[in-house]
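Below you'll find the structure, written out as structure tokens, and then a few comments.
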Amino acid sequence: QTIQIPSIKDNTTGITDMVKGQLDWSGIGWSPDSDSVFSAKDSQHNHTWFAASNTVMLYLNLRKAPFNNLLVRRAISAAIDRSQLPQGVAQYAAVANPTGVIIPNFNSWIASQYQTMSFENGQSKVDSYLTQAGFKKGSDGFYHDASGKILSMSIDVVSGWNDWDQDVQFIVNDLNKAGIKASMNSESGYTPYYTAISTGTYDAAISWTNSGPSPYYAYLALLLSANATPQVAVGTNFERWDATSSNGYAAKTDQLLAQYQTTTDPTAQMQAIQGIEDIMVSQLPVIPLTVNVYWDEYTTTHFAGWPSAANPYDSGAPYTFPDEENVILHLTPA
């Protein structure tokens with residue numbers, strides 16, 4: 001037996017191939033329209049399962065001014081109408097929690113004051129924060145700093161990642177309307193995109209966070225200051241949250257991460273996570289957007305044993321390691 005893994009140029013092509021029955025399993029950014037066509041083609045065998053996987057963030061390069069200014073980060077966050085963003089991810093994703101904790105998976109970890117918290121939003125908030133930061137709106141409708149330089153940013157995303165492409169376009173439109181000049185930088189592929197965010201040669205980017213059995217694992221990858229060495233590919237602290245960019249809060253973040261890691265006491269671990277939640281909400285090292293899902297489309301025409309909501313032994317996404325191997329080992333001929 002062999003496993004064939006074709007190279008597919010974009011989501012649209014992958015969806016078409018899946019609907020045509022040319023693929024048994026895919027992890028493609030899906031849409032309700034695609035789902036209805038896929039199911040209608042063969043409702044007995046064609047299925048999807050999209051479990052929550054991680055929190056999608058807007059990363060700002062904190063080594064670049066003015067993104068190292070908390071007031072500017074708050075203004076950018078307040079300009080984004082997150083209620084529009086699930087349209088970009090096919091309405092399968094909810095708006096994120098301000099703590100960045102994956103919901104609903106880890107609701108029990110979220111401190112009571114953040115359980116039902118919503119994001120600040122609106123032009124009045126944007127105006128207030130940018131005015132406090134020393135920016136003034138010009139006759140062109142955009143904010144300028146004291147030297148007259150326009151407040152601008154480019155947001156990196158991979159061309160062909162249709163769901164995030166659409167999300168970034170929503171964000172760009174919101175920022176421009178709010179007086180922050182924004183544009184979308186469509187990278188030609190994953191390699192130049194990842195190179196930019198991992199080496200810190202970008203303004204802003206939309207990207208994922210890590211998963212794991214508790215919020216600790218996402219926070220560790222996201223915030224550990226040791227992973228923020230400039231111009232080096234060092235993991236997933238893409239925003240460069242460290243002593244030079246955090247007004248001293250990175251040291252506290254590191255302390256809380258160490259507290260979680262060095263104890264087996266559930267109370268102490270909960271206190272550590274909720275301490276990091278406080279920093280996420282008050283300091284915005286990154287800007288939470290939506291809850292990402294594991295994209296999992298499959299057909300039982302040739303194989304049985306796929307994970308599902310009724311049998312959630314694994315995530316089901318073919319792009320996660322070592323999960324894809326585990327799924328394949330569970331499959332049997334139909």
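A few remarks follow.
- Cβ-Cβ contacts under 8 Å between residues 6 or more apart (or on different chains), taken from a first residue in segment 104-115 that is farther than 14 Å from Ile276 by Cβ to a second residue that is modelled with pLDDT of 95 or more and not in a loop (DSSP other than H, G, I, E, B), are listed as Gln115/Asn107.
- Among the residues of segment 289-316, those that are assigned to a loop (DSSP other than H, G, I, E, B), out of contact with any helix residue (DSSP H, G or I) (no Cβ under 8 Å at 6 or more places or on another chain) and closer than 20 Å to Ala40 by Cβ comprise Trp295, Asp296, Thr300, Thr301, His302, Ser308.
- Looking across segment 142-157, the residues that are within 15 Å of Ser183 (Cβ to Cβ) and either of a type in the set (Asp, Glu) or in contact with a Gly (Cβ under 8 Å, 6 or more places away or on another chain) (or both) come down to Phe142, Ile150, Leu151, Asp156.
- Once segment 196-218 is narrowed to residues that are in contact (Cβ under 8 Å) with a residue 60 or more places away in the chain and within 15 Å of Ser53 (Cα to Cα), the residue that is surrounded by the fewest Cβ atoms within 10 Å (Cβ to Cβ) is Trp208.
- Residue identified as out of contact with any Phe, Trp or Tyr (no Cβ under 7 Å at 6 or more places or on another chain) and within 25 Å of Ser108 (Cα to Cα) among Leu257, Leu224: Leu224
- Gln166 being out of contact with any Asp or Glu (no Cβ under 8 Å at 6 or more places or on another chain), modelled with pLDDT under 95 and not aromatic (Phe, Trp, Tyr): yes
Rundown of residues vs (1) at pLDDT 95 or above; (2) within 28 Å of Thr116 (Cα to Cα); (3) buried (at least 19 other Cβ atoms within 10 Å of the Cβ), yes/no style:
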| residue | (1), (2), (3) |
| --- | --- |
| Leu223 | yes, yes, yes |
| Gln261 | yes, yes, no |
| Thr267 | yes, yes, no |
| Ile287 | yes, yes, yes |
| Tyr298 | yes, no, yes |
| Ala309 | no, yes, no |
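- Meets criteria (touching a His at 6+ places or on another chain (Cβ under 7 Å) and either modelled with pLDDT under 95 or farther than 27 Å from Trp161 by Cα (or both)) for Gly200: no
- Per the listing Val72, Val56, the residue uniquely touching a strand residue (DSSP E or B) at 6+ places or on another chain (Cβ under 9 Å) and assigned to a strand (DSSP E or B) is Val56.
- For beta carbons closer than 9 Å, sequence separation of 6+ or different chains, a first residue in segment 308-328 that is under 17 Å from Glu297 (Cβ atoms) and assigned by TED's automatic domain parsing to the domain that holds Trp25 and a second that is surrounded by fewer than 11 Cβ atoms within 10 Å (Cβ to Cβ) and at pLDDT below 95, the qualifying pairs are Pro318/Ile5; Ile328/Ile3.
- Across segment 176-197, not a single residue is classified as within 22 Å of Met280 (Cβ to Cβ) and aromatic (Phe, Trp, Tyr).
- Some residue of segment 225-243 being assigned to a strand (DSSP E or B), of a type outside the set (D, E, K, R), touching a residue at least 60 places away in the same chain (Cβ under 8 Å) and crowded, with 19+ Cβ neighbours inside 10 Å: no
- Residue match in segment 25-37 (condition: surrounded by 18 or more Cβ atoms within 10 Å (Cβ to Cβ), among the aliphatic types (A, V, I, L, M) and in contact with a Gly (Cβ under 6 Å, 6 or more places away or on another chain)): yes
The values are calculated or read from the model by the stated rules, or taken from the named source; none is laboratory data. Predicted, not measured: the structure shown is a model, and the values here were computed from it. Cβ: placed from backbone, ideal geometry, glycine included. Neighbour counts: every protein chain shown.
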